[in-house]
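The values are calculated or read from the model by the stated rules, or taken from the named source; none is laboratory data. Please read all numbers here as calculations on a predicted model, not as lab measurements. Here the Cβ is made from the backbone with ideal geometry for all residues, glycine too, and neighbour counts use every protein chain on show.
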Amino acid sequence: MSVEKLSVEEFEKKYVARLGDRTLDWNVLKFQEDIDPRYKRAQMRYIGRGATANNDANVIEAQHFTLSTMVLPAGCIGPLHLHDDVEEVFFILKGSVKAMIQYPEDEAVQEIRLNERDVISSPPGVYRGIHNDSDEEALMLVMLGAVKPNLPTYPEGSELEKVRLERAKEREAIINDK
């Protein structure tokens, strides 16, 4: 494997993402918030575009995975969604939240309490979500196991799944316009 040799300045420019250069993106998941105000969350991207495929030039180009942080306001819900192609990791940096998991063939949603520095890794094919049921903001690191994950799906017949189908073409255009 050949590695491009860079000066320390070039390496830093290409491979370092600093908090001071990031901005919270409250709009990336606004389509969810438009359906239910409890879905309001903010993403801060560091490596790759993630499943949303936002055209964010201020990220380290992903080679094998994506990494971002999410601000989870008190009471917010990250709705159940399923990635068919990648595992997804939620690492709690601050606060306490409930992770939600559901197998597609089950009606029951299972909840798992996650506290600061706890992590859950959801395999492909399992619905996953998050609920900040506390009175305080939480902060979570999110990692997806692919450079360009497929757009997640939502429970069949849900409003979010209807919107996802509409947005799929928009996402592809962003990815292809890179």
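Descriptive notes on the structure:
- Members of the stretch 151-165 found to be assigned to a loop (DSSP other than H, G, I, E, B), surrounded by 13 or more Cβ atoms within 10 Å (Cβ to Cβ) and at pLDDT 85 or above, listed by number: P152, Y154, P155, S158
- Filtering the stretch 119-147 to residues that are without any contact (Cβ under 8 Å) to a residue 40 or more places away in the chain and within 12 Å of A74 (Cβ to Cβ) leaves nothing.
- Positions within the stretch 75-117 being touching a His at 6+ places or on another chain (Cβ under 7 Å) and farther than 14 Å from E136 by Cα, in sequence order: M100
- Of the residues making up the stretch 77-84, none is under 24 Å from Y15 (Cα atoms) and out of contact with any helix residue (DSSP H, G or I) (no Cβ under 9 Å at 6 or more places or on another chain).
- Residue among A138, A146, A108, A168 that is surrounded by fewer than 20 Cβ atoms within 10 Å (Cβ to Cβ), under 22 Å from R22 (Cα atoms) and among the small types (G, A, S): A146
- The strands (runs of 3 or more DSSP E) falling completely within the stretch 67-138 that include 1 or more residues that are within 15 Å of the chain's Cα centre (by Cα) map to 77-82, 88-94, 97-102, 119-122, 127-131.
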